[in-house]
1. Restricting to the protein assembly as shown, what percent of DSSP beta bridges are antiparallel, rounded to 5?
2. P(r) for segment B:3-104: what percent of alpha-carbon pairs falls in each 5 Å bin, starting at zero?
3. Under the classification rounded if a/c is under 1.5, otherwise prolate if a/b is larger than b/c and oblate if not, where does segment A:182-304 fall, given a ≥ b ≥ c as square roots of the Cα gyration tensor eigenvalues?
4. Given a Förster radius of 30 Å and the C-beta distance between B:Thr299 and B:Arg63 as r, what FRET efficiency does 1/(1 + (r/R0)^6) yield to the nearest 0.05?
5. Quick one: the Cα spread of segment B:261-313 along its three principal axes, in angstroms, biggest first?
6. Place +1 on the Cβ of every Lys and Arg and -1 on the Cβ of every Asp and Glu in the protein assembly as shown, take the dipole about the Cα centre, and give the residue among A:Gly160, A:Ile238, B:Pro35 whose Cα lies farthest towards its positive end.
7. Once you have a ≥ b ≥ c as the square roots of the Cα gyration tensor eigenvalues for segment A:37-117, tell me rounded if a/c is under 1.5, and otherwise prolate or oblate according to whether a/b is larger than b/c.
8. Given chain B, what percent of its DSSP beta bridges are antiparallel, to the nearest 5?
Amino acid sequence: MKRLGISGWGVVSAAGIGRLALTQRTQSQAAAASRSLEPAGEYPPRELRAIPDFDVRKLLGRKGTSQLDRRSAITMVTSAEALEHSNQLIDDSTRARIGISLGTTCGSFKSMSDYTRQTFEERKPYLVDPGQFPNTVLNCAAGQTAIRFGLKGVNATVAGGPLAFLNAVSYTANQLDRGYADAVLTGSVEELTPHTAWSIHLCAGDDPTILPGEGAGMFMLESLDRLNRHGRRCYAEILSVTTRFCPASELEKMPAALAACVARCLLDANLEQRDIACVIVSEEKSFDRGEGVEFRGLEQVLGTYHYERIGVKPRFGECQAANGALQLAALLCADHSGRDDKPLGLLTATDRDGYVGAAVVRVCP
Amino acid sequence: MRRVVITGLGPVSSIGIGATAFETGLREGRCGSSPIASFDTEGFPHIYAGEVNELRPAEILERLDPRNWGLSAVFAACAARLAVRDASLDLGAIDLQRLGVVIGTTCGESRVLEKLTEELRAHGFERMSPELLRQLATDRLAYGVSEELGSCGESITLSTACSASNYAIGYAYDQLATGNADVMVAGGADSVCRWVHAGFFRLGTLAKQLCIPFDRDRSGILTAEGGAALVLETLEHALARGATPYAEVLGYALNCDADHMVAPNATSIAACMRLAHARAGVSPADIDYICAHGTGTPTNDYVEVQAIRQVFGERVPPVSSIKSMLGHTMGAACGFGAIASTMAIRDGFLPPTINWKNEDPSLGGIDMVANAARTSEVKKVQNNGFAFGGNNAIVVFGAVA
């Protein structure tokens, strides 16, 4: 793939709303805050990593925001910040080639479930709220965001859980490489609701360090050529991304598969292992214990080269599809003083179904 | 850029399972509508859908255990296995790391979602079962296919609603054209579910028993389900292993109305068509058949024909809707359209729009291949896909030159 430039970006998470909030929290090393959501009784007995004071109507106004579900609202707020930051001109001469590529786990579990409940609990099973029907489809957030900002290019919603962000980036890289689009707002999102919180809680077993979270990161990706031609600042470059599946009969090969993804990324980007300054993984706890797919995979490919690990989970919580986007956001907000001019970061991700992936990013502080 | 061809077809549908049965269904104008069995229809005035009643996954699947997967993943995996067999593709003889999977969907694992909702209604959130929660993620659809085939390349589920299979085919085409893969399995899957049925009824766009696209008295969709999969490979790879390409993928286009979440926009759809033609290197005059989105709602069919006229002018080729037979299979719809388009090209026939009785004068006299399939030389086909969120995706197929 050709290198992609990030000409602007936005982030919303438990660390706050916006890049500045995240940078301040990251660099002051402030402890992560635990927040509850109303109504508290519906949430599992776990600390939550909710976005503080998230009110879409306050952030974007009342018009066009009242029917949005939480994941669409989060997407829209984050996209607004990214668009503003990237200084894209969006008008009738450009909008047909500016699009969205958004990663998700399953859309909105809550929206689909609440809608299903209405079919059971209303007087008649068809007395569902028609205004809420669009919220039940997985591509609602991307569709609503396109309407709000008038983006008529490619509009893609890419599933993937912990790999959703890498998948969304792969999708965008393809669109840009093929010349189908000029710029694609790329990211991933997850909402915190009783449904996602309980889902995480029930699958976390005995591990108390897994904290249900929410957020989104949206990154305006375009070719370096175009970015330079328009005099836009490049905040980072995504140099390569690779993903791979391991069938269940070969799950023990996941570390090797991840190592192969990383090796492929380095090769595609013309880099060596020693060039990697920092690493952001998706399964931090097992990594720190010297276990798991990412630890064993990176051991195989990066060996003894020294790199720093940037942690994200304690601050953001378990954000499923949004994890990857927040990994990148954390990389961009980290304090890179004392490193090379343009340090290289490696993002990796793995999930319980056998999918692994990696991306190499050059930060341009 | 490498040329990309279709070498295998795997439909799991209400009118036939497997390429032969499906093609017979198309040619005969079989109607897949039946009384709904997958949920309790008490209280619903309309109780018909296009369910897949005859599937026995254990007889098709070779690796996947359907007990551990949701129904949509099972549809996708069965369709993929059928497509691979239809392609006579020996998975043991190819580089599995250069075999990728991309599946489209509207609702993902909707039946799993319903079961979880029943659990939480009855016993509270804390009693949702982890086994079901682990089956819910939408990425499981592509994973189910990868698991069934043992593929080690990419495995991506594109959830762009009712045009998703065209997105999938387009992405697969790109990966092959650029040399990132040698073989791709692309398609879509969805399951009939209660909330979608209710939702379309509430919008006033659910038909009672039959889907009658382009008819003056059309009243809406029938919800439907299934899995559609195609094997795509580079022409080079196909010829090297002695496979017979059925048709070629010439190009595709995507765009977004960015206007309304539900109502389609004719001008935007027309723009998508023009873009697809330009990318495929064809002009409107080259198109022999349009496999319509043709949902059977008053709005869609009218807007779709308007868009077609904006692009094709007076010379509109035959336009038929296989949703008249299948119902609206949501994320699988364009996949079935692609399979039908491929069969049309390979075997020289036009699938019909069945159930048609009365002309709708507002459509201005199109040839919708009313009620009976027709023998015809078909060299180039346009496969339409539109969706909630204004997600338009159109693929152009051609006979292999």
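1. 65 percent
2. Using 5 Å bins, I get a P(r) of 2, 11, 17, 20, 19, 14, 8, 4, 2, 1, 0 for segment B:3-104.
3. The shape class here is oblate.
4. Computed FRET efficiency for B:Thr299 and B:Arg63: 0.10.
5. Computed over segment B:261-313, the largest-to-smallest principal extents equal 31, 21, 17 Å.
6. My answer, from the dipole projection, is A:Ile238.
7. Judged from the Cα gyration tensor, segment A:37-117 comes out prolate (a/c at least 1.5, a/b above b/c).
8. Percent antiparallel among DSSP bridges in chain B is about 65.
Coordinate-derived values only; no laboratory data. These figures come from a predicted structure and were not determined experimentally. Note that each Cβ is placed from the backbone with ideal geometry, even for glycine, and that neighbours are counted across all protein chains shown.
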